[in-house]
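Worksheet for the structure shown next.
Derivation of every value follows stated rules applied to the coordinates shown; laboratory data play no part. Keep in mind the model is a prediction, meaning the values are calculated, not measured. Counting neighbours? That spans all protein chains shown, and the Cβs are built from the backbone with ideal geometry, glycine included.
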Amino acid sequence: MSLYYYVANKDEILDGIVNMVFSEIELPSPAGDWREEMYRRAHAVRSALKRHPWAVGLLESRSSPGEANLRNHEATLGTLRAAGFSVQMAAHGYALLDSYIYGFALQEAALPFDGRDGDEFNFGLNLILDGLSRSMR
């Protein structure tokens, strides 16, 4: 009960935990090559989810995003927009990438891999980035 002296309720605790996980994710730079930035970000998100496998279901479920969460969204969308994606395509690309990363993280947490998980992750990630590249034309 003494914890609730510092926070209002359970939701505030969960929001803080989610913000902490987002703060561990290296942000993409709108000044960089969008594909390299999204590749690097995907690996950063995957690494954070390996450290916190319980977080997959929480990351996008909070209605009160914290500063780190908002910075992550802004940097990711800003990088895609700076590359020339429309607002709609940037949103689609962001959702597609995170769906893939979160799904892979769920599988990775539940199923044993034979050491080639980096190869499998990169294979799927490159297919998505290739598709996004084609959508820009």
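See the values below:
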| read-out | value |
| --- | --- |
| Chymotrypsin sites (Phe, Trp or Tyr not before Pro) within segment 1-100: DSSP coil, no more than 12 neighbouring Cβ in 10 Å | Tyr6 |
| Segment 17-78 shape via C-alpha gyration tensor axes, a/c threshold 1.5 | oblate |
| Global form of the chain, assessed from the alpha-carbon gyration tensor, a/c cut-off 1.5 | oblate |
| Helix-only [θ]222 nm of the chain, DSSP H runs n ≥ 4, -39500 (n - 2.57) each, per residue, nearest 500 | -23000 deg cm²/dmol |
| Where labels lie 7 Å past Cα in the beta-carbon direction, separation of His73 and Met89 in nm | 2.3 nm |
| Segment 15-135 - charge dipole about Cα centre, Lys and Arg +1 at Cβ, Asp and Glu -1, debye rounded to 20 | 160 debye |
| Normalised contact order of segment 25-99, rounded percent, pairs of Cα under 8 Å and 6 or more residues apart | 44 percent |
| Computed lengthening from Lys50 to Ser133, 0.36 nm per intervening residue step minus Cα-Cα distance | 27.1 nm |
| Charge dipole (the chain, unit charges on Cβ, about Cα centre) - positive-most of Ile17, Leu125, Val87 | Val87 |
| Lys/Arg +1, Asp/Glu -1 at C-beta; the chain dipole; positive extreme among Ala109, Ala42, Leu58 | Ala42 |
| Using alpha-carbon coordinates, inclination of helix 87-110 to the longest axis of the chain, degrees | 70 degrees |
